[in-house]
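A short reminder: the numbers here are calculations on the coordinates, not readings from a lab. In this text the structure is predicted, and so the values were computed from the model without any measurement. Cβ: placed from backbone, ideal geometry, glycine included. Neighbour counts: every protein chain shown.
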Amino acid sequence: MLLIKWFDNESNKELKEGIDWLRIIPFIFIHLMCFAVIWVGVSTTAVVICFLSYIIRMFAITAFYHRYFSHKTFKTSRLMQTIFAIIGASATQRGPLWWASHHRHHHINSDKDADLHSPKNGFWYSHLQWFLMHENFNTQSDRVKDLNQFPELKFIDRYDILFPFLLAVGLYVLGEALSAFAPSLNTNGWQLVIWGYFISTVLLSHVTYCINSLAHVFGTKSYNTNDESRNNFLLALLTLGEGWHNNHHCAPGSVKQGFKWWQIDISFYGIKALEKLGLVWDLKYPNQKLLKNKIIRKLS
Ligand SMILES: [Zn+2]
Ligand SMILES: [Zn+2]
């Protein structure tokens, strides 16, 4: 019965406090599996698949989990939101409703006592401990009433562990097919699972966590936002635009997070491309007057 907790998020509604050790076994397992690279080795194909798996899933997290599900900064079809909810879930950062509900809570309480992952509580707490706690396991359903009306999103949120599993199986099948039909690529099923899922997921996860642990500490502040959010170029590159976190806290309803031409925001470019294809629409931009009022003027 204990194992069902890993597969069905509705199975445990009891309210406990402290670290949920049983549930974090899979989290530790994902990290340990990266060491299997010693046995599976490496190939150009494996590194390319690792990179693609990172980029595609990071885009699903930043453009859809964050800018769409959490902040509604553009509109899209029910099919597109389902596809990107599934890709996002395969990133192993829980389901779209859990992610959006906790993120909405963060924006209301940023760096205040109620903030669930403020670095004021320490680096490790804001980086990963906060989501390993019993009290933060359940989706805060009252914060995502707009998303609750879609049964398919509720299903993805309830059984989120299914999607990383399907990705790993898909990578195994791909690797075995390449090994049989294109042996010159020097890869196989287990090699693609280790690189395309485990290594890629660990990188993707920790870079995402850095937005909570580092982007409220290191970087520059351009706008008065009543919190410690910062703009950080390196994090913006690694997270496809999320490192412009002070900009984002200033205008959370904006689809674009890089406000200056040099503030590279790859997720925004991706969303613009989807707009050109007619797959997303009604992109929301920051209110220029509001930005002007919040700008921090440097004394010279
Ligand atoms: Zn923040
Ligand atoms: Zn946000």
A chain fully extended from V48 to W281 at 0.36 nm per residue, minus the present Cα-Cα distance, gains in nm 80.8 nm
For a label point 7 Å along the Cα-to-beta-carbon line of H206, residues of the range 128-147 with backbone N under 17 Å: 128-130
To the nearest 10 degrees, the tilt of helix 44-59 (Cα long axis) against the first principal axis of the alpha carbons of the chain is 40
What's the extension gain from V217 to A182 if we count 0.36 nm per residue and subtract their Cα-Cα distance? 7.9 nm
Over 30 Å (Cα to Cα) among K16/K112; K120/K272; K112/K276; K16/K221; K16/K72; K112/K272 -> K120/K272; K112/K276; K16/K221; K16/K72; K112/K272
Multiply the residue gap between K272 and I30 by 0.36 nm, knock off their C-alpha separation, and tell me the result in nm, one decimal place. 83.8 nm
List the residues whose amide H sits under 5 Å from the amide H of W244, counting only those 5 or more places along or on another chain, with H placed 1.01 Å from N in the peptide plane. N232
With an 8 Å cut-off on Cα pairs and a minimum separation of 6 or more residues, tell me the relative contact order of the range 1-133 in percent. 23
If you bin the C-alpha pair distances of the range 81-220 every 10 Å from 0, what whole percents do you get? 11, 33, 31, 17, 7, 1
Which three lengths, in whole Å and largest first, does the chain cover when its Cα atoms are put on their principal axes? 64, 47, 37
Separation in nanometres of the label points that stand 7 Å from Cα toward Cβ, at K292 and I19: 5.1
Nonlocal amide H pairs with V280, under 5 Å, H built at 1.01 Å: E275
Rounded to the nearest 10 degrees, the helix 266-276 long axis (Cα) sits at an angle to the longest Cα principal axis of the chain of 90
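Using Cα pairs under 8 angstrom and six or more residues apart, how large is the relative contact order of the range 18-221, in percent? It would help to have the intermediate numbers written out before the result.
Values: 264 pairs, mean separation 67.2, N = 204.
Averaging sequence separation for qualifying contacts and normalising by length gives 33 percent for the range 18-221.
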